[in-house]
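Asks: Here's a structure for you.
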Amino acid sequence: MTFIDLLMLGFSEAITPANLAFCLLGALLGTLIGVLPGIGPTATIAVLLPITFFLPPLAGIIMLAGIYYGAQYGGSTTAILVNLPGEASAVVTTLDGYQMARQGRAGAALAVAALGSFFAGTVATFAIAVAGPMLSGFALSFGPAEYVSLMVFGLLAATILASGPVLKAIGMILIGLLLGMVGTDQATGAERLTFGAIELFDGIDFIVIAIGIFGFSEIIANLERSGSEGVKLAPLSRLWPTRDDFRNSWGAVLRGTAIGTLLGLLPGGGATLASFSAYSLEKKVSKHPEKFGTGVVEGVASPEAANNAAAQSSFIPLLTLGIPSNNMMAMMLSAFMIHGITPGPTVLTTQPEIFWGLVASMWIGNLLLVVINLPMIGLWVKLLTVPYRLLYPAILLFCCIGVYSMNNRIFDVILAAGFGLLGYAFRKARCEPGPLLLGFVLGPLLESNLRRTLLIEQGDPSIFIERPISLTMLVATVILLGLMILPSFRRTRQEAFQEEEA
Amino acid sequence: MARPTATGTGDRPDLLSAGLFIGLGGLGLFMARGLDTGTLAQMGPGFLPRVVCVLLIAVGLAVGIPALRRPVQAIDAIRLRPLLVITVAIVGFAYAATHLGFVLASLWLIVAGSLADPGGNWRHILLLAAGLTLFGALVFVYGLGVQVPLWPF
Amino acid sequence: MTITKSAALAAILTTTAAGAALADWPADRPIEMIVAFAPGGGTDIMLRTLAPFLEAELDAQFPVLNRPGASGEIAYTALSQARPDGYTVSSLNTPGFLTMQIGRTLRYDPADICPIARIVEDPGTFIVQAGSGYQTLADLVAFAKENPGAVSVGTTGVGTDEHLAMLQLEQAAGIDLTAVPFGGANEAKTALLGGHVAMIGLNVGEYATSDRNAFRALAQFADERSILAPDLPTAQEQGFDVMMSSERGLAARCDVPEDVRAKLAAAVDAALADPEFQEKAKQQALPLSFKSGTDWQADMPVRLARYTEIFKLIEAGQ
């Protein structure tokens, strides 16, 4: 069968009324849980897994996939509206998205995020269809040494996220690394930095830190500034993006899509790394890097495109090799297995309707999401006109339930309250929390891969420059470091800093 | 902590950052004291925590020492009411959720949390608490299957 | 000694306290099933699949409550603090339940927890790339003898099933392997496919559901071949004394009345015999292997002793 035949087969499967309905249901449910902070797609899919017993295999998988990428769409909504990242990959969206909302351009930010995500989703889905098996080879070529170099590069790039002094950003990354080390050491089983608390044996959850440092401390800071009466946003100037917004963002969307599609293939922090890297890249190529963090549309467009592209391309290792690249994909694997299907090369040839039906439905799902979400923007933006006095208790409640529901224990809620206090101290110290979260997410990957590399090589570090991908990444790191030390670069950072102070 | 009226030298936000960096680095070193460092080929659990803590303290000093000599810059005013009320409300919710059930915990969180803002109106607060609790019970507990008891019994 | 002592104490307590609850168990109250792992994991899906069958057998509700963390300690602690009335049961996994008793201070007394029934026994296995030159364990051992430390083995951390199996093989064959810890079976599989490690440890269940064209298993580590891999020789058949399997089942507090535990065990036994459940288990590649709580408990001291020996090897190595 030719490629066109297979694609037609996929669409004919995906477009049956039942499959279309499950796709819509999944996308809607995904949007809902994405919007609710703390409630992640992993828990929802786990609850729904047994239900998929009773559905035909393709319908069940289509619905679960819809929840997954729907949640990516929904996650950016709270990041933009209330400065609350629901997932690691939405952290960068808060930087410019929330600023845009405060300037009355929430509608534009949400629309650009939705359209950018749709474009990225389309490209990445197409990439799965034409180049899935080839791209999975790329994922496999990433051994421990390549990961170490990639993480070092990613951490250095994280300092670009902050608009304040580089040293403070580095300090925040280090705190993030330290927080990422809390828990049982993966290699030796020793418990580290846990204060003897059994609840910390598995480390701290990302959601606990994100909700504490972003959610709770934002509420405290808002109320402190002037009480709830004073929290007013600029009046809504315009619901839709302007012509200028579109002109400024299309390049960012393209670059974000490319980065997201590639990094999404990598297990672990792929989507998060993609959105951070895309933002850092935009800031580097931009003619006005000093405006990043004050509400520029590229700062929303590129990370949103990147994380949605990554969400789609993270299916590639699962579908072509049968290996899930993150928890969500592990759950999808269970969904396949419940129906006796083992994803992998054999499924591509023996049951092509499953693979192609899913790919086609992913594109249809992305289309449905845009169609659902664009009209919703008007509604979301209205939410901002609700007085803050009524809004903040609701945010507080959703955050608390979200944190509690991860492990069903009060410890996490209290820990999040503690991180709220820490986040408050960081605000007073004018330290930006973005780099901390990146350090937290990438730190464990850096440590385990570094130790793994040195174990395999029996202590010889020369492998880092012997392997081409690793060498490329290290050279890029050195160049980036050089740029940061160069005086001209320094001056732009300083200017940006002073402008923000003013 | 610094008041806005402080005079002399010292960039207070930067000094606070330095204090946080050095404090957390020191705490990390203290907690990691019993951990094995190992060798480069066989890194122990304590290797990287120590490296990170030492770097953190170094960064803290690098931020803090120049800040001592810069002209004074005050920390933004601190108001304790929202800080304490919100924290107490969250911690209370946490305990109530497992022992008293979701309904009472949610009512507590919203009523207590509302006290953080002085301009509240009791009728509005109670209506809001009832509405959000109902919404939470329907969406989270019934709809999304969050594993929490609804009532104390 | 502790077991008999607490059992005696339990007997005294239960005859008085739980006697009333026992008469009409299971009454209209739901029986809470604590799962020691996050939703979506192997144990979680297994028990969520089993729950409706137990509900049909006992005419009671079995809501699932996930208490993940600390390789099960959080769930076992919660179980040991529950009321001994038979309305709380928990998942039980070996070797985790046994290995955590070695050299770790626990928040609960393992002697308080009695198995009700074993549901699954999943032997460990070693996997290499399908194109690898190793056809049998002997091939691998021969290579490792000549190149000490050169064979890297992906595990999921110190003291895990795969690591314990690797240590046994090292001891049985007199070779030196290099353990490389990964964050989970899937990470290890990716590294194996990319050729970054030579061999990984997996369970037969995980092997059975992965692509047979990409991986080859060298041996399984049970005394009998698993129903999922009847063609794969055991390590003992190949002349190496390596025994490692993970078992999953249900447990309750030991002071839950004897007949309540027996009724639960009978319900599990009946559910496992249900062809409908067996069909679902087959789809999930669950190697069903029922064993009564008493028999399972009787096995444990021997295995615990064996693991304690292996752990001494780890200590000595460091």
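Asks: Kirkwood hydrodynamic radius of chain A from all distinct Cα pairs, in Å?
Replies: Kirkwood hydrodynamic radius for chain A: 23.1 Å.
Asks: Ranked highest first by average number of other Cβ atoms within 10 Å, how do A:241-248, A:424-431 line up?
Replies: My ranking of the peptides, most packed first, is A:424-431, A:241-248.
Asks: Further question: What angle do you read, to the nearest 10 degrees and between 0 and 90, between the alpha-carbon axis of helix C:258-273 and the longest principal axis of chain C?
Replies: 50 degrees
Asks: Okay, moving on. Between segment C:224-289 and segment C:77-99, what is the C-alpha centre distance in whole Å?
Replies: Each part's Cα centre sits 18 Å from the other's.
Asks: Please compute, for peptide A:411-421, the average count of beta-carbon atoms on other protein chains lying within 10 Å of each residue's beta-carbon.
Replies: Counting Cβ atoms of other protein chains within 10 Å of each residue's Cβ and averaging gives 4.
Asks: To two decimal places, what compactness ratio does segment C:76-215 give when its Cα radius of gyration is scaled by 2.2 N^0.38 Å?
Replies: That ratio works out to 1.26.
Asks: Which one, A:F419, A:L455, A:G357, is farthest towards the positive end of the dipole of segment A:3-501 when Lys and Arg carry +1 and Asp and Glu -1 on their Cβ?
Replies: Most positive-ward Cα: A:F419.
Asks: Please rank C:T49, C:T294, fewest neighbouring Cβ atoms within 10 Å first, as an exposure proxy.
Replies: Fewest to most other Cβ atoms nearby, the residues stand as C:T294, C:T49.
Asks: Pull up all non-local amide H partners of C:I116: gap of 5 or more, or a different chain, and H-to-H distance under 5 Å with H placed in the peptide plane.
Replies: Placed amide hydrogens put C:L250, C:A251, C:A252 under 5 Å from C:I116.
Asks: For segment C:168-235, state which trypsin sites (Lys or Arg not before Pro) are in a DSSP loop and have at most 14 other beta carbons lying within 10 Å of their beta carbon.
Replies: Those satisfying the criteria are C:R212.
Asks: Past the 18 angstrom mark, what percentage of all C-alpha to C-alpha distances in segment A:295-338 do you count?
Replies: Roughly 40 percent, rounded to a whole number.
Asks: For the protein assembly as shown, what is the percent of antiparallel DSSP beta bridges, rounded to the nearest 5?
Replies: If I count the DSSP bridges inside the protein assembly as shown, around 70 percent turn out antiparallel.
Asks: Principal axis extents for segment B:80-143, Cα atoms only, whole Å, descending order, please.
Replies: Sorted from largest, the Cα extents of segment B:80-143 read 36, 24, 15 Å.
Asks: So, one more: Relative contact order for segment B:12-69 using alpha-carbon pairs under 8 Å, separation at least 6, rounded to a whole percent?
Replies: Reported relative contact order: 50 percent.
Asks: Same structure, new question: Please identify the chymotrypsin sites (Phe, Trp or Tyr not before Pro) of segment A:149-233 that satisfy two criteria: DSSP loop assignment and at most 13 other Cβ atoms within 10 Å. Which are they?
Replies: The qualifying sites are A:F195.
Asks: Give me the distance between the Cα centres of segment C:113-140 and segment B:108-153, rounded to whole Å.
Replies: Cα centres, segment C:113-140 to segment B:108-153: 51 Å.
Asks: Which peptide among A:12-20, B:109-117, C:104-112 comes first, and what is the full order, when sorted by highest mean count of other Cβ atoms within 10 Å?
Replies: Highest to lowest by the protection proxy: B:109-117, A:12-20, C:104-112.
Asks: In peptide C:188-199, what is the residue-averaged number of other protein chain Cβ atoms found within 10 Å of each Cβ?
Replies: 5
Asks: Dipole size in debye (nearest 20) for segment A:3-501 around its Cα centre, Lys and Arg Cβ +1, Asp and Glu Cβ -1?
Replies: 1100 debye
Asks: Tell me the relative contact order for chain A as a rounded percent, counting alpha carbon contacts under 8 Å between residues six or more apart.
Replies: 29 percent
Asks: Of all DSSP beta bridges in segment C:123-244, what percent run antiparallel (nearest 5)?
Replies: Rounded to the nearest five, the antiparallel share is 55 percent.
Asks: Related question: Quick check for me: using +1 on Lys/Arg Cβ and -1 on Asp/Glu Cβ, what's the dipole size of the protein assembly as shown about its Cα centre, in debye to the nearest 20?
Replies: 3560 debye
Asks: Starting from the Cα gyration tensor of the protein assembly as shown, take the square roots of the eigenvalues, sort them a ≥ b ≥ c, and report rounded, prolate or oblate (rounded when a/c is under 1.5, otherwise prolate if a/b is larger than b/c, else oblate).
Replies: Taking the square roots of the gyration eigenvalues as a ≥ b ≥ c, the protein assembly as shown is rounded.
Asks: Mind giving me the FRET efficiency for A:A21 and C:R225? R0 is 45 Å, r the Cβ-Cβ distance, nearest 0.05 is fine.
Replies: Once the sixth-power term is evaluated, E becomes 0.50.
Asks: Tell me which of A:T16, A:L273, A:V381 sits at the most positive position along the dipole axis of chain A, charges placed on C-beta atoms (Lys, Arg +1; Asp, Glu -1).
Replies: A:V381
Asks: Tell me, which longest segment in chain C has none of the GluC sites (Glu not before Pro) that fall in DSSP loops with at most 14 further Cβ atoms within 10 Å?
Replies: Within chain C, the longest run free of exposed GluC sites (Glu not before Pro) spans C:1-223.
Asks: Taking only Cα atoms, what is the 0 to 90° angle, nearest 10, from helix B:122-136's long axis to the longest principal axis of chain B?
Replies: Roughly 90 degrees between the two axes.
Asks: Compute the separation of the alpha-carbon centres of segment A:173-201 and segment A:78-127 and state it in Å as a whole number.
Replies: One Cα centre to the other: 32 Å.
Asks: Inside 10 Å of the C-beta atoms of C:61-70, what's the mean count of C-beta atoms belonging to other chains?
Replies: Shielding by partners across C:61-70 averages 5.
Read the figures in this text as sums done on the coordinates, not as results from a lab. Computed from a prediction, not measured in an experiment: that's the story for all the values here. Glycine also receives a Cβ, built like all others from the backbone with ideal geometry; neighbour counts cover every protein chain displayed.
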